[in-house]
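The values are calculated or read from the model by the stated rules, or taken from the named source; none is laboratory data. Values in this document were obtained by computation on a predicted structure and should not be read as measured data. Please note: Cβ atoms are built from the backbone with ideal geometry, for glycine as well, and neighbour counts cover all protein chains shown.
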Amino acid sequence: MFVIFNMHGMKEASNNLRIIWFIIHTALLYIAYLLCFDEGFLLISDKFEINFSSGNFCRKNCLFSFGAIMYVRMNITNFYLLKRKMKIEELFGVIIACAAYQLGFMLLGGWQSEPLILIDVLGILLFFIGSYINTYSEIQRKRYKDDPNNKGKLFTLGLFQYARHINYFGDICWVSGWAIITHNIWAGIMPIMLTLGFIFFFIPILSNYLEKNYGDEYQDWAKNTKKLIPFIY
């Protein structure tokens with residue numbers, strides 16, 4: 001239930017799968033909008049006994065705004081940062097993840113009537129800090145890799161000097177912030193699953209890849225830089 005973008009691998013000339021992803025993600029964002037603001041679409045309330053019309057207006061705007069920001073960020077990654085080959089199974093994975101975020105968080109929090117409180121400020125800060133860390137770290141790496149003088153070199157600068165997978169740490173932050181805004185304890189499942197997926201699956205796979213391709217350069221980086229959380233883990 002999360003989006004993973006590994007910037008390593010085969011380059012791809014065709015944009016067909018990326019365009020399919022763009023179209024489906026656009027539809028998901030539009031459905032999230034309808035859930036929030038379209039009275040004619042609120043028949044879902046009767047089916048699930050959830051009254052979206054009574055949801056706090058500021059909270060719904062916040063939830064939808066987060067979805068719109070994620071939509072922009074993911075398309076920057078989709079068409080600008082992600083140059084490797086996208087496989088069909090990955091397309092299904094990112095669509096499921098986008099649906100979980102765009103619709104899942106809205107269904108969990110869009111009907112909550114409580115006004116925004118102090119903990120929501122934490123959620124907003126986490127979302128924006130995480131979004132910045134995730135996207136800007138990838139932009140830094142792309143700029144480095146695009147320089148012919150850096151061909152074959154491992155990128156350990158910028159935000160990546162604070163954690164070897166600082167982009168994943170950004171993912172955890174923005175998903176956690178979005179979950180907080182829902183005011184629904186069940187939303188906490190998403191950042192927990194995301195973190196466990198990084199620690200036990202994606203980080204080991206990527207670490208093996210980097211060590212195989214960069215050898216001593218990666219090992220030196222690993223000795224002096226935390227895996228995921230700066231200065232901690």
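Observations on the model:
- Within the option set Met106, Met86, being modelled with pLDDT of 90 or more, under 20 Å from the mean Cα position of the chain (by Cα) and at negative phi holds for one residue only, Met106.
- So Tyr144, is it over 19 Å from the mean Cα position of the chain (by Cα) and assigned to a helix (DSSP H, G or I): yes
- Of the residues making up segment 180-187, at least one is on the phi > 0 side of the Ramachandran plot, part of a loop (DSSP other than H, G, I, E, B) and either among the aliphatic types (A, V, I, L, M) or touching an Asp or Glu at 6+ places or on another chain (Cβ under 9 Å) (or both).
- Flag if Lys153 is assigned to a helix (DSSP H, G or I) and over 17 Å from the mean Cα position of the chain (by Cα): no
- Against the conditions (1) in contact with a helix residue (DSSP H, G or I) (Cβ under 7 Å, 6 or more places away or on another chain); (2) at pLDDT below 95, Gly152 satisfies every one except (1).
- Among the candidates Ile69, Ile129, Ile95, Ile119, the residue that is surrounded by fewer than 20 Cβ atoms within 10 Å (Cβ to Cβ), assigned to a helix (DSSP H, G or I), in contact with a His (Cβ under 9 Å, 6 or more places away or on another chain) and at pLDDT 95 or above is uniquely Ile119.
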